[in-house]
Structure formats: C-alpha cells, structure tokens
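Visitor: Once you've had a glance at the structure underneath, I'll fire off some questions.
The values are calculated or read from the model by the stated rules, or taken from the named source; none is laboratory data. Just so it is clear, the structure is predicted and the values come from calculations on it, not from any experiment. Every residue, glycine as well, gets a Cβ built from its backbone with ideal geometry; the counts of neighbours run over all protein chains shown.
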Amino acid sequence: MRTPRPARRHRQRECGADPRGRRGTGADIGSLSTFVTDMRLMTASGETLDLDAKRTPGLFQAARVSLGALGIVTETTLAARPLYKLKRRTWVAPVEEMLEAAPELWAKYRNFEFYYTPYSGMTIGIVNDETDEPETPEPVNEDDDGLRQLQQLQDWLGWAPSARRWVIQTIFGGIEPETRIDYSHKTLSSERNVRFNEMEYHLPREAGPQALREIIAAIEDNNVEVFFPIEFRTTAPDDIWLSPFYGRESCSIAVHRFHEEDYTPYFSLIEPIFRKHDGRPHWGKLNTLKAADFAGLYPKWRDFLEVRAELDPEGRFLNPYLRDILQSG
Ligand SMILES: Cc1cc2nc3c(=O)[nH]c(=O)nc-3n(C[C@H](O)[C@H](O)[C@H](O)COP(=O)(O)OP(=O)(O)OC[C@H]3O[C@@H](n4cnc5c(N)ncnc54)[C@H](O)[C@@H]3O)c2cc1C
C-alpha cells in the first residue's frame, strides 16, 4: 500500500496544524494537514476547543486548514510512522514523452514529480518507492549549482532562445539516469539556497498536462526571461474545507522567478492559464484572487466564513489580507 500508515502518534505542542495545507508529491498522499488527527484551538474569547473528526466534524474540517483565521492552534496530533527508506530514480526525458507517461507514472509510484526547464524541451523526472535495500552513498548537493548555471545561460544567451535551447539540450543529453536509496527525509527534501518568488496552483489532475503545455508555449512564445525549472507534482483529495485539494485529485504546477527580478509580468501571463483550468492557489504563495474567486473555487467557503464569524466576531485574527478575502466575500 502506498499511503503512509498512521502507526504512531506524535504530539506536537505550541505549533500550527499546517494552517496552509502544505504537501509533497504522491497521487495517493494527502497534504500535511490530512495527517492531523486532532488539535486544540484557542479562540478569540480565550476559550479552548478540542477538535477531531468524530466529536466536532465541521469545526475540525474548518480548522485543519484555517490560515490562522479561527484562532491559535496550541496542540496538534500528527499521524506518524516509523522511519522508512525510499528508492529514488531520476532520469531525463523530452517533455511530451513525460506528459504522456505522467498518468501511468503517478499511478505506479509512491511519489512522482518532474521539472521542466524553460527553453530546453526537456524534463527531469523523479520517482520514489519504499524499499528495504541498503542505502547508497550520499551525493553532493548539485541543485544550486545547476540553477546558477541555468541563470548564467539566461544572462549569456537570453537574446537567442534557440542557442540557449541547444546548449541546455546538450547538457541534458549528458545526464545519466540515477538511482539513490536512503531514508525518506533525505531523499524527499532538497536545499533551496537561491531566493525566489513563486506562484503555484493546484489543478484537477487530468487538466495538468494540457495546462503545462500552455504554460510552456506562453513562456517560449513571449520569450520570457526565466531560468527556474517549472515543478509538476500530485496530491490526493481530502475533505478539509479550505484545502486546495478539497474533493478532487490534484496536480500542482509551480513557476518561480529570481528574487531580484520583477515577477509581475511573468506571473500575470501564467495565472490566467491556471484559472482557466479551475486551479486553486497554494495558500503560502503568490496569487491575485479576490473573495468572490475563492467563493467560486471552494464549495465550503461560506461554511468556513460562518464558523469564522462565530469564533471570532470582532476579527481579532484577521490581518489586512485575510480581512480582504474573508470579510468581503
Ligand atoms: C524553500 C521553500 C520550499 C517550500 N516547499 C514547499 C513544498 O514542498 N510544499 C508546499 O506545500 N509548500 C512549500 N513551501 C511553502 C510553504 O507551504 C509555506 O512557506 C508555509 O506554509 C509557511 O508556513 P510557516 O508556518 O513557515 O509560516 P507562517 O507564515 O508563520 O504561518 C503560515 C500560516 O499559519 C498561521 N499560523 C502559524 N502558526 C499558527 C498557530 N499556532 N495557530 C494557528 N495558525 C497559525 C499563520 O497565521 C499563517 O497564516 C515552501 C516554501 C519555501 C520558502
């Protein structure tokens, strides 16, 4: 079975219950919020509420992803499991080949994701499955070096996309498939030392491949100066009211821009494509949606607003952004 089994409970004190619905990748794996089994919430009046799916189903599903707008989560129980190992395979493939294989890959492997490098026509695919095989030696972290090289290529060859494409394809042609075995926290995490701004949307899974084709065409037809690879990942559906994965199998597509560059032209070119495919934005990343947009995307939006108004009638937990989207809808 690919879904992690809740084998052990881990009590976490004075910590949010993943209020924004973070996730990794895996067609059968939910966001971190789905692993929250119960929590303690302190509301604006100072009252303490103990919430779980059985005793307080509505409040619990409202609070598991609540953006800090319902109160302070002071205790959380997370479903955890013993340490386990993963076998990771990484390979390079043309983007169309990867997109056609994607449904089979996300069905077959525990984790599947891929990255498209703009102006290359090529992707890097990553799959993981559980294993008991011995660990392989730890590789040096080449992620940041790779990004810096792509940035240099943009600086040198940005004026000549076909030359850049040729250079990147030549580099990609020399990358051999790689297999690594290690404990999950080592194979699944990566260092991100290059600062960036990011927009990520979660789309109905079947719409993902076509949306990505449109994004690539928009970037390359408009000659957008961007070197950051575009990420494609998957997440299982859940029943958490404000989870971007509420009620649907999802895939996520993320675009990044170097922090010193103005992200507005790039993100405003891509966001309409996400919107066209019914995407819901990642709560921790950039988007331009308004209250009415969220109301149309989330079937339980109104229910959440009612719970919020009841628990915090004076809006003590609302900052300007939350006031804008949660009080004018
Ligand atoms: C390098 C990098 C990599 C990332 N990778 C991923 C990824 O792989 N997948 C992914 O999904 N996201 C990823 N993200 C985005 C990530 O989801 C957000 O940065 C994250 O949600 C921020 O949470 P925080 O607790 O650090 O921030 P905060 O801004 O402190 O908290 C986030 C929200 O939770 C609320 N909150 C905090 N504590 C409490 C509490 N005790 N009770 C109630 N509410 C509370 C806050 O009000 C706020 O709305 C990445 C971000 C970075 C910078």
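Visitor: If I ask for residues that are in a helix (DSSP H, G or I), farther than 27 Å from residue 139 by Cβ and either aliphatic (A, V, I, L, M) or touching a Lys or Arg at 6+ places or on another chain (Cβ under 6 Å) (or both), which ones from the stretch 58-98 would you list?
Guide: 59, 62, 63 - these are the residues of the stretch 58-98 that are in a helix (DSSP H, G or I), farther than 27 Å from residue 139 by Cβ and either aliphatic (A, V, I, L, M) or touching a Lys or Arg at 6+ places or on another chain (Cβ under 6 Å) (or both).
Visitor: Take residue 46 and tell me if it is assigned to a loop (DSSP other than H, G, I, E, B) and either at pLDDT below 95 or not assigned by TED's automatic domain parsing to the domain that holds residue 236 (or both).
Guide: So residue 46 fits the description; yes.
Visitor: Report whether or not residue 206 is outside any strand (DSSP E or B), in the same structural domain as residue 121 (by TED's automatic domain parsing) and of a type in the set (D, E, K, R). Before the answer, list the steps.
Guide: On the way: outside any strand (DSSP E or B): yes; in the same structural domain as residue 121 (by TED's automatic domain parsing): yes; of a type in the set (D, E, K, R): yes.
Against the criterion (outside any strand (DSSP E or B), in the same structural domain as residue 121 (by TED's automatic domain parsing) and of a type in the set (D, E, K, R)), residue 206 qualifies.
Visitor: When the stretch 18-75 is examined, which residues are found to be within 12 Å of the ligand (Cβ to nearest atom), among the polar types (S, T, N, Q) and over 21 Å from residue 326 (Cα atoms)?
Guide: Of everything in the stretch 18-75, those that are within 12 Å of the ligand (Cβ to nearest atom), among the polar types (S, T, N, Q) and over 21 Å from residue 326 (Cα atoms) turn out to be 25, 31, 74.
Visitor: Here's another thing I want to ask about it. List every residue pair whose Cβ atoms lie under 7 Å apart, where the two residues are 6 or more positions apart in sequence or sit on different chains, the first residue falls within the stretch 265-290 and is not assigned by TED's automatic domain parsing to the domain that holds residue 66, and the second residue, located anywhere, is more than 16 Å from the ligand (Cβ to nearest atom) and in a loop (DSSP other than H, G, I, E, B).
Guide: Pairs that qualify, where the first residue is not assigned by TED's automatic domain parsing to the domain that holds residue 66 and the partner is more than 16 Å from the ligand (Cβ to nearest atom) and in a loop (DSSP other than H, G, I, E, B), are 266/224; 266/226; 269/222; 269/224; 271/288.
Visitor: Another one. Count, please, the residues in the stretch 299-318 that happen to be within 16 Å of the ligand (Cβ to nearest atom) and either without any contact (Cβ under 8 Å) to a residue 60 or more places away in the chain or more than 14 Å from residue 44 (Cα to Cα) (or both). Outline the logic, then answer.
Guide: Let us first name the residues in the stretch 299-318 that are within 16 Å of the ligand (Cβ to nearest atom), namely 304, 307-308, 311-312, 315-318.
Still in the list and also either without any contact (Cβ under 8 Å) to a residue 60 or more places away in the chain or more than 14 Å from residue 44 (Cα to Cα) (or both): 304, 315.
Selection size over the stretch 299-318: 2.
Visitor: Let me ask something else. Can you name the residue in the stretch 230-247 that is within 14 Å of the chain's Cα centre (by Cα) and not hydroxyl-bearing (Ser, Thr, Tyr) and, of all such residues, is nearest to residue 98 (Cα to Cα)?
Guide: Step by step, filter the stretch 230-247, then rank; the result is 232.
Visitor: Looking at the stretch 220-252 only, could you name the residues that are touching a strand residue (DSSP E or B) at 6+ places or on another chain (Cβ under 8 Å) and either more than 30 Å from residue 58 (Cα to Cα) or among the polar types (S, T, N, Q) (or both)?
Guide: If the condition is that a residue be touching a strand residue (DSSP E or B) at 6+ places or on another chain (Cβ under 8 Å) and either more than 30 Å from residue 58 (Cα to Cα) or among the polar types (S, T, N, Q) (or both), then 226, 227, 228, 229, 230, 231, 232, 234, 235, 250, 252 are the ones that fit.
Visitor: Can I ask one more? Can you tell me which residue is nearest to the ligand (Cβ to nearest atom) among those in the stretch 76-91 that are under 21 Å from the mean Cα position of the chain (by Cα) and buried (at least 19 other Cβ atoms within 10 Å of the Cβ)?
Guide: Filtering the stretch 76-91 for residues that are under 21 Å from the mean Cα position of the chain (by Cα) and buried (at least 19 other Cβ atoms within 10 Å of the Cβ), the one nearest to the ligand (Cβ to nearest atom) comes out as 78.
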